[in-house]
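Note sheet for the following structure.
Taken together, the values in this text are just the output of simple stated rules run on the coordinates, not laboratory data. Worth saying up front: this structure is predicted, and the values here are computed from it rather than measured. So basically every Cβ, Gly included, is an ideal-geometry build from the backbone, and we count neighbours across all protein chains shown.
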Ligand SMILES: [Zn+2]
């Protein structure tokens with residue numbers, strides 16, 4: 001890793017999803033200096049993936065001095081043992097010791113983590129939590145992803161499954177979650193939850209939201225938030241409940257972790273952050289020994305690049 005020591009080094013990060021590998025090359029401050037990409041699919045196995053990453057690394061090396069170590073974020077459940085224990089989009093990698101196998105094939109130091117952790121790490125390098133030592137990222141999309149950085153390092157827990165905030169229970173015996181449990185935060189404040197809440201709404205609101213989705217390309221949650229803003233009382237009641245549950249979940253996380261910076265990303269984030277006062281009020285009710293005014297709640301800034309930048313930061317940390 002001699003190149004990592006030189007001042008003009010750059011670090012390569014790869015975000016591996018079900019359809020593509022996104023590659024970025026970043027400098028020490030997290031500026032993206034080069035990009036690349038390759039297609040992936042259900043048939044992608046370790047050998048295919050290593051070939052794609054290897055050729056992307058060569059491509060990126062043509063533009064700058066690249067550190068030997070590479071970071072890779074995978075859409076799936078990564079264990080602390082370096083084995084991918086689950087991934088709906090990359091089934092041929094499941095059960096494989098991907099970290100060791102990729103490292104052997106690539107012939108360079110390789111750090112693999114899951115994509116939500118990488119996204120959290122990426123927000124701390126030139127993103128919404130730039131320079132912040134301890135913070136929590138929560139991504140509100142079809143499900144809820146989250147990642148925790150404590151003292152400048154990703155926190156994985158004892159077995160690699162830390163920070164599943166979407167499956168923290170915010171309501172005893174509450175709504176059924178996709179994971180099989182009841183009352184998870186994800187069952188209240190995600191696009192999947194919004195879709196279910198719309199299905200249970202009045203015929204009038206249901207028809208209106210479905211029209212927004214099909215004619216204007218809105219998500220169900222976005223439509224609910226916009227209709228609430230437009231004075232629709234039923235939509236307002238539904239979204240108020242979503243925000244309250246998110247507030248309970250985040251307050252519980254703050255009570256356990258003592259983080260004061262919360263970064264919110266994902267497709268639902270704009271609607272949520274437009275209700276920041278409501279969210280802070282909901283948190284206030286559940287916070288212990290502090291008030292919500294002491295917290296910083298900000299929008300994620302890296303967008304779709306967060307995972308790849310965070311993976312590059314993993315490589316940087318390998319120095
Ligand atoms: Zn759940």
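Remarks
- Considered as an equivalent ellipsoid built on the Cα gyration tensor, segment 135-300 has semi-axes of 27, 17, 14 Å, the largest given first.
- Fewest-first sequence of 173, 22, 276 by Cβ atoms within 10 Å of each Cβ: 173, 276, 22
- Using every pair of separate Cα atoms, the Kirkwood estimate puts the hydrodynamic radius of segment 1-128 at 14.6 angstrom.
- The distance linking segment 41-59 with segment 209-245 is 41 Å (Cα centroid to Cα centroid, whole angstrom).
- Applying the Kirkwood pairwise sum to the alpha-carbon positions of segment 88-192 produces a hydrodynamic radius of 15.5 angstrom.
- Computed extension length for residue 89-residue 105: 3.6 nm, one decimal, from 0.36 nm per residue of separation with the Cα-Cα distance subtracted.
- Full extension of the chain between residue 233 and residue 206 yields a length gain of 8.4 nm, computed as 0.36 nm times the residue separation minus the alpha carbon distance.
- Ordered by the count of other Cβ atoms within 10 Å of each Cβ, fewest first, 43, 244 give 43, 244.
- Rg(Cα)/(2.2 N^0.38 Å) for the chain, N = residue count: 1.03
- Relative to the longest principal axis of the Cα atoms of the chain, the long axis of helix 203-216 makes an angle of roughly 30 degrees.
- Rounded FRET efficiency, nearest 0.05, which uses the C-beta distance separating residue 241 from residue 294 and R0 of 22 Å: 0.30
- Multiplying the residue separation of residue 28 and residue 276 by 0.36 nm and subtracting their alpha-carbon distance yields 86.0 nm.
- FRET efficiency for residue 284 and residue 81, using Cβ-Cβ distance with R0 set to 25 Å, rounded to 0.05: 0.05
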